[in-house]
Amino acid sequence: MKLFNPHTDLSALRTRLTEDHGLRVVCYCAAWCRTCDTYRPALETLAGQLPHWTFIWVDIEDSPGWLGDEDIENFPTVLVQDRVGTRFWGVQLPYVEHLQRLLEGAEHLPVTADGPGQVDQLVQT
């Protein structure tokens, strides 16, 4: 599956979210961030390996509504949700293997109120 960008793929992303009931993995980055430039290809590869989940790349300058009232201090910052709620919201080291391990156990993480909001609502911004 592809890595969706709400700035350029909003219609396709909305469709995908109505069809997908698995994890939503949102990576918050910025175009000027060199760490993000390095991380993105690995995240695209991971998205291709896990097509049953939805992966979203949010440039915080192109899609500021996706942050809600949250501030980002470090990149990449990741939001992981399922239909129950947010399972993770925070900074990840820029190694896709760390994210992959997090995702493998995400369903066992407690639901938290942290983060910018539900992805299904953020896609409407």
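The values are calculated or read from the model by the stated rules, or taken from the named source; none is laboratory data. Worth saying up front: this structure is predicted, and the values here are computed from it rather than measured. Methodologically, a virtual Cβ is constructed for each residue, glycine included, from the backbone with ideal geometry; neighbour enumeration extends over all protein chains shown.
ASP82 falls short of the stated requirement of being modelled with pLDDT under 95, closer than 12 Å to VAL26 by Cβ, surrounded by 12 or more Cβ atoms within 10 Å (Cβ to Cβ) and not aliphatic (A, V, I, L, M). Tell me, please, whether a residue that is of a type outside the set (Lys, Arg) and either in contact with a Ser or Thr (Cβ under 6 Å, 6 or more places away or on another chain) or in a loop (DSSP other than H, G, I, E, B) (or both) can be found in the range 37-47. No, the range 37-47 contains no residue that is of a type outside the set (Lys, Arg) and either in contact with a Ser or Thr (Cβ under 6 Å, 6 or more places away or on another chain) or in a loop (DSSP other than H, G, I, E, B) (or both).
Number of residues in the range 95-125 that are in a loop (DSSP other than H, G, I, E, B), over 14 Å from LEU23 (Cα atoms) and touching a Phe, Trp or Tyr at 6+ places or on another chain (Cβ under 7 Å): the value is 4. Check whether at least one residue in the range 59-67 is in a helix (DSSP H, G or I) and farther than 24 Å from SER11 by Cβ, and report yes or no. Checking the range 59-67: not a single residue is in a helix (DSSP H, G or I) and farther than 24 Å from SER11 by Cβ. Scanning the range 27-73 for residues that are among the hydrophobic types (A, V, I, L, M, F, W, C) and in contact with a helix residue (DSSP H, G or I) (Cβ under 8 Å, 6 or more places away or on another chain) yields a count of 14. Quick check on the range 1-22: of everything there that is in a helix (DSSP H, G or I) and either β-branched (Val, Ile, Thr) or in contact with a His (Cβ under 9 Å, 6 or more places away or on another chain) (or both), which residue is modelled with the highest pLDDT? Result: THR15.
Filter the range 1-52 for residues that are touching a residue at least 60 places away in the same chain (Cβ under 8 Å) and among the basic types (Lys, Arg); which is surrounded by the fewest Cβ atoms within 10 Å (Cβ to Cβ)? Ranking the candidates gives ARG14 first. For the range 74-94, the criterion of a residue being touching a helix residue (DSSP H, G or I) at 6+ places or on another chain (Cβ under 9 Å), closer than 22 Å to LEU13 by Cβ and in a helix (DSSP H, G or I) is satisfied by no position. Consider GLU44 against the criteria (1) more than 14 Å from the chain's Cα centre (by Cα); (2) within 12 Å of LEU3 (Cβ to Cβ); (3) among the acidic types (Asp, Glu): it satisfies all of them except one. Which criterion is unmet? Only one criterion is unmet by GLU44, namely (1). In the range 62-74, the condition of being β-branched (Val, Ile, Thr), surrounded by 12 or more Cβ atoms within 10 Å (Cβ to Cβ) and at pLDDT below 95 is met by at least one residue.
Only residues that are farther than 15 Å from ILE56 by Cα and in contact (Cβ under 8 Å) with a residue 40 or more places away in the chain: list them for the range 71-86, please. Listed by number, the residues that qualify are ILE72, ARG83.
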